[in-house]
Amino acid sequence: MNDLKTSVFANQFSHIYVEKGVMEHPRTAQVLRRFSNSTVVECSSYKDIFCRSHQEPSTQRQSRSLILAQGNAAIYPGAKVCQSMGNEHFYYTSCVMNCIYDCEYCYLQGMYRSAHMVMFVDLSETFRELDKLLAIHPVYLCISYDTDLLAIEPLTGYLAEWCEYLATRPNCTVEVRTKCASAKTILSLPKLSNMIFAFTLSPQEVISRYEHSTPSLKLRLEAVDKTVSDERKVRLCFDPMLALSDFETVYRAFFNEVFETVSGEDLFDVSVGVFRISKDYLKNMREARECSITYYPYTLTNGVYHYDEETEQRLFSIARDELSKHLPSDKIFFWTEC
Ligand code: SF4
């Protein structure tokens, strides 16, 4: 973040739209300070820009705008395409819509018809809603599904604010899913037993081809190593595994490489999933981007597109073989439901 020209923010946010109601919010000031050369435009609602009809996300992605908006209180029950990791009360929430990275398989392209990013600057309403749930039962909450919060933490300070909240809510466990490789940012946060850093790892072949702007596997593994060394809870997510033409060779070599750096004993757990996507999202993704991911001949089951049974089982079997060398079975979670 120190050098915006060379960071993932390069060429981004030449225009920043700010809802009138949050013009004076401290997080708005923090963000605007970082982008002092951007044109700031006041708006009445983020929807005027984000939900406009006839947008072209592929063009917008070259130079996205940022929209700063009032808080979003919604806490949603976990979707069926997501993993609960054995947690009974599984929810997710989004204080940011869209991601600074650009993965070709990302469901956000199917969910939103805009590539601009929206940041809901005020978390207080979200915390109030969460407190109501916590009064009833413990909560397992994923806060970094519809974006990568760690990648934008130096800009936003969201995770620091979540840490402050979580420090006094031991019955709330939060997962921060990320492809970011900044251990420095993680180590700058308070150490909490109810915050899990969930690093998504992919073979370098997948990163180079499909996960645009994301850190390399080597850098992600270094970040994992530093995070476990600091005795933080770390989850590794091998999700989505992709049916590349030579996936057996690629994924076996990949798992070897991962466990040359990381010891299974140091991990909180791991999750495994193969690519799957809801029917409606894939339809939108095909309109937004023509690529080998969107036009693969998937099988449709209960409204979810996925690989055929044999391919799925071969992918899962590679993961099971390789992971069971390093972790007990009760620490390995597979996404299998369709
Ligand atoms: S890092 Fe995750 S949220 Fe961001 S573009 Fe990639 S898949 Fe989507």
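Only the coordinates and a few stated rules stand behind these numbers; no lab work does. These figures come from a predicted structure and were not determined experimentally. Positions of Cβ are backbone-derived with ideal geometry, glycine not excepted, and every protein chain shown enters the neighbour counts.
For region 73-96, check the following and say yes or no: at least one residue is more than 30 Å from residue 334 (Cβ to Cβ), outside any strand (DSSP E or B) and out of contact with any His (no Cβ under 6 Å at 6 or more places or on another chain). Yes; the residues of region 73-96 include at least one that is more than 30 Å from residue 334 (Cβ to Cβ), outside any strand (DSSP E or B) and out of contact with any His (no Cβ under 6 Å at 6 or more places or on another chain). If I filter region 241-263 for residues that are within 14 Å of the ligand (Cβ to nearest atom) and buried (at least 19 other Cβ atoms within 10 Å of the Cβ), do I get at least one hit? Looking for residues that are within 14 Å of the ligand (Cβ to nearest atom) and buried (at least 19 other Cβ atoms within 10 Å of the Cβ), one finds at least one in region 241-263, hence yes.
Of the residues 131, 122, the single one that is surrounded by fewer than 23 Cβ atoms within 10 Å (Cβ to Cβ), acidic (Asp, Glu), more than 16 Å from the ligand (Cβ to nearest atom) and assigned to a loop (DSSP other than H, G, I, E, B) is 122. Among the residues of region 48-61, are any more than 30 Å from residue 334 (Cα to Cα) and aromatic (Phe, Trp, Tyr)? Yes: one or more hits. In the set (1) within 15 Å of the ligand (Cβ to nearest atom); (2) over 17 Å from residue 268 (Cβ atoms); (3) among the β-branched types (Val, Ile, Thr), residue 185 fails one condition alone, (1).
Which residue out of 202, 208, 193 is surrounded by fewer than 21 Cβ atoms within 10 Å (Cβ to Cβ), of a type in the set (Ser, Thr, Tyr) and either within 16 Å of the ligand (Cβ to nearest atom) or in a strand (DSSP E or B) (or both)?
Checking each option against the conditions leaves just 208.
The set of residues in region 123-138 that are closer than 18 Å to residue 21 by Cβ and touching a strand residue (DSSP E or B) at 6+ places or on another chain (Cβ under 9 Å) contains only 126. For first residues located in region 171-190 and among the hydroxyl-bearing types (Ser, Thr, Tyr), partners that are within 16 Å of the ligand (Cβ to nearest atom) and in a loop (DSSP other than H, G, I, E, B) and lie 6+ apart or on another chain with Cβ distances below 7 Å form the pairs 178/144; 178/148; 178/150; 178/151; 182/150; 185/150.
With the condition kept exactly as written, say whether any residue in region 284-299 is in contact with a Lys or Arg (Cβ under 8 Å, 6 or more places away or on another chain), without any contact (Cβ under 8 Å) to a residue 24 or more places away in the chain, loosely packed, with under 14 Cβ neighbours inside 10 Å and more than 24 Å from residue 222 (Cα to Cα). Yes, region 284-299 contains at least one residue that is in contact with a Lys or Arg (Cβ under 8 Å, 6 or more places away or on another chain), without any contact (Cβ under 8 Å) to a residue 24 or more places away in the chain, loosely packed, with under 14 Cβ neighbours inside 10 Å and more than 24 Å from residue 222 (Cα to Cα). When residues in region 232-264 are screened for being farther than 17 Å from residue 185 by Cβ, out of contact with any Asp or Glu (no Cβ under 9 Å at 6 or more places or on another chain) and among the charged types (D, E, K, R), 4 of them pass.
Checking the stated criteria, residue 105 turns out to be among the aromatic types (Phe, Trp, Tyr), in contact with a helix residue (DSSP H, G or I) (Cβ under 9 Å, 6 or more places away or on another chain) and in a loop (DSSP other than H, G, I, E, B).
Examine region 104-111 for a residue that is of a type in the set (D, E, K, R) and more than 28 Å from residue 291 (Cα to Cα), and state whether such a residue exists. Can you show your working first?
The first filter runs over region 104-111 and keeps only residues of a type in the set (D, E, K, R), leaving 104.
Filter once more, so that each one left must be more than 28 Å from residue 291 (Cα to Cα): none.
Checked region 104-111: no residue is of a type in the set (D, E, K, R) and more than 28 Å from residue 291 (Cα to Cα).
Out of the residues in region 17-40 that are hydrophobic (A, V, I, L, M, F, W, C) and in contact with a strand residue (DSSP E or B) (Cβ under 9 Å, 6 or more places away or on another chain), state the one that is nearest to residue 71 (Cα to Cα). Of everything passing the filter in region 17-40, 22 is nearest to residue 71 (Cα to Cα). A single member of 161, 231, 222 is more than 16 Å from the ligand (Cβ to nearest atom) and part of a loop (DSSP other than H, G, I, E, B), and it is 231.
The sole residue among 271, 292 that is within 30 Å of residue 195 (Cα to Cα) and out of contact with any helix residue (DSSP H, G or I) (no Cβ under 6 Å at 6 or more places or on another chain) is 271. With respect to the conditions (1) surrounded by fewer than 21 Cβ atoms within 10 Å (Cβ to Cβ); (2) more than 21 Å from the chain's Cα centre (by Cα), residue 332 falls short on a single one, namely (2).
Does residue 151 satisfy being within 16 Å of the ligand (Cβ to nearest atom) and under 24 Å from residue 33 (Cα atoms)? Even if it seems obvious, please write down each step before you answer.
On the way: within 16 Å of the ligand (Cβ to nearest atom): yes; under 24 Å from residue 33 (Cα atoms): yes.
Yes.
Count of region 80-116 residues, restricted to those that are more than 14 Å from the ligand (Cβ to nearest atom), more than 25 Å from residue 161 (Cβ to Cβ) and within 14 Å of the chain's Cα centre (by Cα), is 1.
Residues in region 134-144 that are more than 16 Å from the ligand (Cβ to nearest atom) and under 23 Å from the mean Cα position of the chain (by Cα): 4 in all.
Run down 145, 165 and say which single residue is surrounded by fewer than 22 Cβ atoms within 10 Å (Cβ to Cβ), in contact (Cβ under 8 Å) with a residue 40 or more places away in the chain and within 30 Å of residue 256 (Cβ to Cβ). That would be 145, the only listed residue that is surrounded by fewer than 22 Cβ atoms within 10 Å (Cβ to Cβ), in contact (Cβ under 8 Å) with a residue 40 or more places away in the chain and within 30 Å of residue 256 (Cβ to Cβ).
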